[in-house]
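Okay, so here's the structure we're looking at.
The values are calculated or read from the model by the stated rules, or taken from the named source; none is laboratory data. Worth saying up front: this structure is predicted, and the values here are computed from it rather than measured. Quick reminder, even Gly has a Cβ in these numbers, built from the backbone with ideal geometry, and neighbours come from all protein chains shown. Side chains included, ligands, DNA and RNA excluded: accessible areas come from the protein's heavy atoms. Shrake-Rupley method; radii C 1.70, N 1.55, O 1.52, S 1.80 Å.
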Amino acid sequence: FVSEGTRSFFGDVQSKNEKIYDEWQSTFAAWKEANPALATQLDNAVNDNIPSAQEMVDTIPATGAEEPEASRVSGKDAIQEIAKLVPHYVSGSADLHGSCRNYIEGGGNFGAGFDKTYAGRNLYFGIREHAMGSILNGFAYHGLFKASGSTFLVFVDYFRPTVRVASLAELGAVSYILTHDSIGVGEDG
């Protein structure tokens with residue numbers, strides 16, 4: 001049994017929400033018309049229209065390094081190319097952008113305050129691996145952004161539960177970059 005008062009109340013809520021929805025659709029349509037390139041980027045992000053892994057690999061230039069180099073060095077170049085192909089790709093670090101080299105050049109820093117903006121693509125988590133993993137998983141669950149985060153391999157125990165959740169939930173929109181995989185961890189470990 002649903003009373004007439006309840007039906008009346010929720011009937012009014014529905015009509016009010018329809019009006020708000022219609023206003024939003026009108027505003028959004030005007031924005032799309034005024035910003036066609038951004039609208040295409042948003043549509044691609046919402047619909048998960050990104051190049052395949054093979055297409056991305058094909059665009060990454062060979063390093064041509066005569067001398068062996070650390071994988072984080074060549075990985076940095078790969079991240080830059082991926083960031084060009086996927087405008088909704090963001091990357092962060094547990095206080096180790098300089099060492100792990102996963103900073104998106106020209107992407108700006110996310111946040112408020114000195115040298116930061118909410119349009120930034122580089123996230124700073126501080127020395128908080130577990131929080132980093134949890135936030136990246138949140139990005140993946142939401143689905144709009146592709147996200148990666150980086151720290152030293154030796155610190156993986158600090159966020160093992162979040163990596164496990166990402167794996168068990170098959171969160172393909174998040175990547176964990178673990179560098180310095182040796183006992184000689186240091187700036188150039």
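Below are the figures for this structure:
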read-out	value
Ser148 being under 30 Å from Ala39 (Cβ atoms) and polar (S, T, N, Q)	yes
Selection within the stretch 70-122 - among the basic types (Lys, Arg) and more than 12 Å from the chain's Cα centre (by Cα)	Arg72, Lys76, Lys84, Arg101, Lys116
Output for the stretch 30-44, where each listed residue is of a type in the set (A, V, I, L, M) and either farther than 18 Å from Tyr141 by Cα or modelled with pLDDT under 95 (or both)	Ala30, Ala34, Ala37, Leu38, Ala39
Residues satisfying the stated conditions in the stretch 101-152, i.e. of a type in the set (A, V, I, L, M) and within 23 Å of Asn44 (Cα to Cα)	Ile104, Ala119, Leu123, Ile135, Leu136, Ala140, Leu144, Ala147
Search result, residues across the stretch 130-174 that are free of Cβ contacts under 8 Å to residues at least 40 places away in the same chain, of a type in the set (Val, Ile, Thr) and in a helix (DSSP H, G or I)	Val154, Val156, Thr162, Val163, Val165
The stretch 1-19, residues that are open to solvent by 90 Å² or more (accessible area, probe 1.4 Å) and either assigned to a helix (DSSP H, G or I) or closer than 24 Å to Lys84 by Cα (or both)	Glu4, Arg7, Phe9, Phe10, Asp12, Gln14, Lys16, Glu18, Lys19
Test result for Ala70, modelled with pLDDT under 90, under 28 Å from Gln41 (Cα atoms) and out of contact with any Gly (no Cβ under 6 Å at 6 or more places or on another chain)	no
Verdict on Gln41 being touching a Pro at 6+ places or on another chain (Cβ under 8 Å) and not hydrophobic (A, V, I, L, M, F, W, C)	yes
Verdict on Thr27 being hydroxyl-bearing (Ser, Thr, Tyr), assigned to a loop (DSSP other than H, G, I, E, B) and open to solvent by 80 Å² or more (accessible area, probe 1.4 Å)	no
Qualifying position, being in contact with a helix residue (DSSP H, G or I) (Cβ under 8 Å, 6 or more places away or on another chain) and surrounded by 13 or more Cβ atoms within 10 Å (Cβ to Cβ), among His88, His97	His88
Restricting the stretch 80-126 to residues that are of a type in the set (Val, Ile, Thr) and in contact with a Phe, Trp or Tyr (Cβ under 8 Å, 6 or more places away or on another chain), the residue that is farthest from Asn137 (Cα to Cα)	Thr117
Condition check for Pro61: open to solvent by less than 80 Å² (accessible area, probe 1.4 Å) and either closer than 24 Å to Ala140 by Cβ or without any contact (Cβ under 8 Å) to a residue 40 or more places away in the chain (or both)	no
Residue ID - modelled with the highest pLDDT, chosen from residues in the stretch 133-159 that are β-branched (Val, Ile, Thr) and surrounded by fewer than 21 Cβ atoms within 10 Å (Cβ to Cβ)	Ile135
Answer from Tyr118, Tyr103, Tyr124 - the residue that is surrounded by fewer than 15 Cβ atoms within 10 Å (Cβ to Cβ) and either more than 21 Å from Gly172 (Cβ to Cβ) or at pLDDT 95 or above (or both)	Tyr118
